[in-house]
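No lab work stands behind these numbers, since they all come straight from the coordinates. Model, not experiment: these values are computed from the prediction. Cβ placement follows ideal geometry from the backbone for every residue including glycine, while neighbour counts extend to all protein chains displayed.
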Amino acid sequence: MIGVRIKNRYARSNDTELWPDHREAFELFGACATQWRVIAGMGGVHHQGIDYPALESVMRMRGIADQPARFEQIRHIEAGALSVMNKR
């Protein structure tokens, strides 16, 4: 979805659970997969985070009712993703 591959030889497709309350945020995060701010240079690639104006636009286009709550959920998902994506 966002270019991160998890290598776990014991994982099965039914090992992951997504709580219903988090489904909308998870789908919104996926919809923003191409909206990352990235710095590329001599030292490699560094992901800064999701472009928040783009996130706001996606929320508006999708008709997200509680945007502040979804934004906070996305920030938590983003933090976890950044720790994996920027691992060296």
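Tell me the label-point distance for the pair Q35, D51, using the 7 Å Cα-to-Cβ offset, in nm and rounded to one decimal. Going from the Q35 label point to the D51 one covers 1.0 nm.
Modelled this way, with points 7 Å down the Cα-to-C-beta line, the labels at L18 and L82 are 2.3 nm from one another.
Under the shape rule built on the C-alpha gyration tensor, where the axes satisfy a ≥ b ≥ c, the range 37-88 is oblate, since a/c reaches at least 1.5 while a/b does not exceed b/c.
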